[in-house]
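Colleague: Take this structure first; my questions come after.
Values quoted throughout were computed directly from the atomic coordinates according to the rules given, and no laboratory measurement underlies them. As the structure is a computational prediction, the values presented were derived from the model and not from experiment. Here Cβ is always computed from backbone atoms with ideal geometry, including for glycine, and neighbour counts include all displayed protein chains.
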Amino acid sequence: MAEIKETLNPKPAVIAVTDGPAIPHKKDVGLFTAWRVSFIGAIAIIAYLAIFNRDPYWEILQFLPDGILVTFQVTVEAIILALIIGLFTGLGRISKNRVINGIASLYVEVIRGIPLLVQLFYIYFALGRVVNLPAIASAVIAMAVCYGAYMGEIFRAGIESIPHGQMEAARSLGMSTGQAMRHVILPQAFKTILPPVGNEFVALLKDSSLVSILAVSDLLRRGREFASETFTYFETYTMVALVYLVITLVLSKLVSIMEERISVD
Amino acid sequence: MSTNAGNPIVQIRNVYKYFGTLKALDNVSMDVHDGEKVVIIGPSGSGKSTLLRSINQLEKIDYGSIVVDGYKVHDDNTDINKVREEVGMVFQSFNVFPHKTVLDNLNLAQIVVRKRSKKEATEISMELLKKVGITDKIDQYPGKLSGGQQQRVAIARALAMKPKIMLFDEPTSALDPEMIGEVLDVMRNLAREGMTMIVVSHEMGFAREVADRIIFMDYGAIIEEGTPEHFFQNPTKDRTKLFLNQIL
């Protein structure tokens, strides 16, 4: 019976497109995986250009590290804030309280419906009317508000992936909903949400290039500064693109290693 | 034995519960006295699990009253966590905490809810784990344990709260046959020690041996109740006879 059912209703094809470089899969053991080719290729091109075309590539390469640091700073700070916002949004989305649930859902819908670049401008200038924050702080807050909505959905899915019996068991031991969440549900949910959070981190790092329009000297803006002084636009953006590529390839590899470790447990 | 023990520790009166249009509990009334062992049987969908789960408000009833150890469970103003501290529950699917070691499974609620120190909690936990026959694997995660071992850990976890009543919701239904015995043994010992127990089960041998009273439910209502002797030898209702014929 089960067999017949299966042939009649084959599993629907799952189309999963992640917003980031292809996460290398454990099964891809060949030497010439897309990840290896692009990683080694990018490093080789950077090295070749910097060594054999010192002017301007070596100069560009020396100019960029400050920007890389800022890019990382914005990304890390924004992701931490986004995690906090996401936790409360996720809890709000599963709340039985209609008001809390409504606010959380509204936040997610509104944020997901507005392009990130528009949000960045909006929050940056809206914040500017009330408080005088440094550009980088405004940029971080804007990124976090945006990514918090996506993070909220990840938290919600993570919490809902824990079997309902866990909550029932915790509650029947006399724990409050909050205690059960904190000690039983969330620790288990964190494990399932860690890989998607890692993917969000990579995506956020790439999107952080948008903050370059807000007077934040990130990797992209440093490149633009260099290019506009030396008129080496093509050369500079080649280098900027390659550096972004190397960073995201390394990060996505780390995410996949983390994913494997978790699935082994 | 059930009539002379003073006030019942569980008092269920005229309880109705609906799932949409389905009447899950239909005017159910029953008492359970201190130290009594009650086994509830019936076909699946008869409302026996719903009744059990409404005793610690995992299901909220629509009408009627349930009073447990003086607490009005049906009343929204009652602090249900206080009731649940006194009522242990064992589930069909064990529901041990997979991210905690066996010992921490037992310690968690003792520390968080009962506010015991870690040392005190551990002492109680070790004693109970010994009692349910889990002597090694204390620092392992439940994933490494067999179903029978997990269920015994779950029983010990409930006992660690020092409850006055234990509810068992088909505790052996998810187990492989060779593991059912070890869980029933633990339950038998618990019964011998005088624990008040309400058990939903299909284990007729266990019911016959341990129960002071057997309750047969069908379509959300209590059809018949009585001692095991009455129940297995002279059931009076046709539906009871039909059910017993099917399963025995």
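Colleague: Go through A:Leu186, B:Met126, B:Asn7 and say which Cα lies farthest out towards the positive end of the charge dipole of the protein assembly as shown; charges sit on Cβ, +1 for Lys and Arg, -1 for Asp and Glu.
Modeller: My answer, from the dipole projection, is B:Asn7.
Colleague: Over the residues of segment A:74-231, compute the C-alpha Rg and express it relative to 2.2 N^0.38 Å.
Modeller: On the way: Rg = 18.6 Å, N = 158, 2.2 N^0.38 = 15.1 Å.
Ratio of Rg to 2.2 N^0.38 Å for segment A:74-231: 1.23.
Colleague: Looking at chain A as a GNM with Cα springs under 10 Å, which of A:Gly92, A:Gly113, A:Gly198 has the largest mean-square fluctuation?
Modeller: Highest fluctuation of the listed residues: A:Gly113.
Colleague: Right, something else. Mind ranking B:79-90, B:111-122 by how tightly packed they are, going by the mean number of other C-beta atoms within 10 angstrom, highest first? Intermediate results must be reported in sequence, preceding the final value.
Modeller: Values: B:79-90: 21.5, B:111-122: 15.2.
Final packing ranking: B:79-90, B:111-122.
Colleague: Calculate the radius of gyration of the Cα atoms of chain B to one decimal place, then report Dmax, the largest Cα-Cα distance, as a whole number, both in Å.
Modeller: Cα only, chain B: 18.0, 55 Å (Rg, Dmax).
Colleague: Now for a separate question. Given the C-alpha centroids of segment A:124-157 and segment A:78-93, what is the distance between them in whole angstrom?
Modeller: 11 Å
Colleague: When N is the residue count of the protein assembly as shown, what does its C-alpha Rg come to as a fraction of 2.2 N^0.38 Å?
Modeller: Working: Rg = 30.6 Å, N = 513, 2.2 N^0.38 = 23.6 Å.
Relative to the 2.2 N^0.38 Å estimate, the protein assembly as shown comes out at 1.30.
Colleague: Answer rounded, prolate or oblate for segment B:70-114, using the Cα gyration tensor with square roots of eigenvalues a ≥ b ≥ c: rounded when a/c is under 1.5, else prolate when a/b is larger than b/c, else oblate. Kindly include the intermediate steps, with their values, before the conclusion.
Modeller: Numbers: a/c = 3.17, a/b = 1.89, b/c = 1.67.
Prolate shape, in that a/c is at least 1.5 and a/b is the bigger ratio.
Colleague: Next question, about the same structure. Nearest 500 deg cm²/dmol is fine: what mean residue ellipticity at 222 nm does chain A get from its DSSP H runs of n ≥ 4 alone, each adding -39,500 (n - 2.57), divided by its residue count?
Modeller: Values: 12 runs with 201 residues, N = 265.
Dividing the helical sum by the residues of chain A leaves -25500 deg cm²/dmol.
Colleague: At 222 nm, what helix-only mean residue ellipticity would chain B give, in deg cm²/dmol to the nearest 500, using -39500 (n - 2.57) for each DSSP H run of four or more?
Modeller: On the way: 9 runs with 92 residues, N = 248.
-11000 deg cm²/dmol, from helical runs alone.
Colleague: Using alpha carbons only, how many angstrom separate the centre of segment B:20-45 from the centre of segment A:160-230?
Modeller: 46 Å
Colleague: Related question: Taking beta carbons within 10 Å but only from partner chains, what does the mean come to for residues A:160-172?
Modeller: For peptide A:160-172, the averaged partner shielding equals 6.
Colleague: Here is a further query. For B:Lys115, give me every one of the aspartates and glutamates with a C-alpha distance below 19 angstrom, ignoring sequence neighbours fewer than eight places off in its own chain.
Modeller: B:Asp79, B:Glu85, B:Glu86, B:Asp104, B:Glu123, B:Glu127
Colleague: Moving on. Given H placed on each backbone N at 1.01 Å, which residues far from B:Lys37 in sequence or on other chains put an amide H within less than 5 Å of it?
Modeller: Correct list: B:Met197, B:Asp212, B:Arg213.
Colleague: Now, a different point. Work out the mean other chain Cβ neighbour count within 10 Å for the residues of B:94-101 and drop it here as an integer.
Modeller: On the way: counts 2, 10, 3, 8, 8, 12, 4, 0.
Averaged over the peptide's residues, the number is 6.
Colleague: Report ³J(HN,Hα) in whole Hz for each residue of segment B:56-66, in order, from the Karplus equation J = 6.51 cos²θ - 1.76 cosθ + 1.60 where θ = phi - 60°; Gly and Pro get x.
Modeller: Each residue's phi maps through the Karplus curve to give 10, 6, 5, 10, 8, 7, 8, 9, x, 9, 10 Hz.
Colleague: Follow-up question, since we're still on this one. With the Cα gyration tensor of chain A giving a ≥ b ≥ c as the square roots of its eigenvalues, does the rule (a/c under 1.5 for rounded; else a/b larger than b/c for prolate; else oblate) give rounded, prolate or oblate?
Modeller: Values: a/c = 2.50, a/b = 1.42, b/c = 1.76.
Judged from the Cα gyration tensor, chain A comes out oblate (a/c at least 1.5, b/c at or above a/b).
Colleague: Peptides B:60-68, A:79-87, B:222-230: what's the order by average Cβ count within 10 Å, highest mean first?
Modeller: Values: B:60-68: 18.0, A:79-87: 20.0, B:222-230: 16.4.
Top to bottom by mean Cβ count within 10 Å: A:79-87, B:60-68, B:222-230.
Colleague: When chain A is modelled as a GNM with alpha-carbon springs shorter than 10 Å, which of A:Leu210, A:Leu117, A:Leu251 fluctuates the most?
Modeller: So, out of A:Leu210, A:Leu117, A:Leu251, the one fluctuating most is A:Leu117.
Colleague: Would you check chain A for Lys pairs whose C-alpha atoms are within less than 30 Å, ignoring same-chain pairs closer than 8 in sequence, and give me the count?
Modeller: Pairs that pass both the separation and distance tests number 15.
Colleague: Follow-up. Give me the lysines in straight-line cross-link reach of B:Lys130: C-alpha distance below 21 Å, same-chain residues under 8 apart excluded.
Modeller: Correct list for B:Lys130: B:Lys100, B:Lys118, B:Lys119, B:Lys144, B:Lys162, B:Lys164.
Colleague: Could you tell me which of B:Tyr71, B:Ile40, B:Leu52 has its Cα farthest along the dipole of chain B towards the positive end, charges placed at Cβ (Lys, Arg +1; Asp, Glu -1), taken about the Cα centre?
Modeller: Towards the positive end, the residue furthest out is B:Tyr71.
Colleague: If neighbour count is taken as other Cβ atoms inside 10 Å, put A:Ile94, A:Ile159, A:Ile154 in order from fewest to most.
Modeller: Numbers: A:Ile94 15, A:Ile159 22, A:Ile154 25.
The fewest-first ordering by Cβ neighbours comes to A:Ile94, A:Ile159, A:Ile154.
Colleague: Amide H to amide H under 5 Å from B:Gly64: which residues, 5+ apart in sequence or cross-chain, H placed 1.01 Å off N in plane?
Modeller: For B:Gly64, the qualifying residues are B:Tyr16.
Colleague: Give, rounded to the nearest 20 debye, the magnitude of the charge dipole that segment A:74-231 has about its Cα centre when Lys and Arg contribute +1 at Cβ and Asp and Glu contribute -1 at Cβ. Walk me through the numbers before you get to the answer.
Modeller: On the way: 13 positive and 10 negative charges, 75 e Å.
Roughly 360 debye for segment A:74-231.
Colleague: Can I ask one more? Among A:Met175, A:Met151, A:Met239, which one shows the highest mean-square fluctuation when chain A is modelled as a Gaussian network with alpha-carbon springs under 10 Å?
Modeller: Per the Cα network of chain A with a 10 Å cutoff, A:Met175 tops the list.
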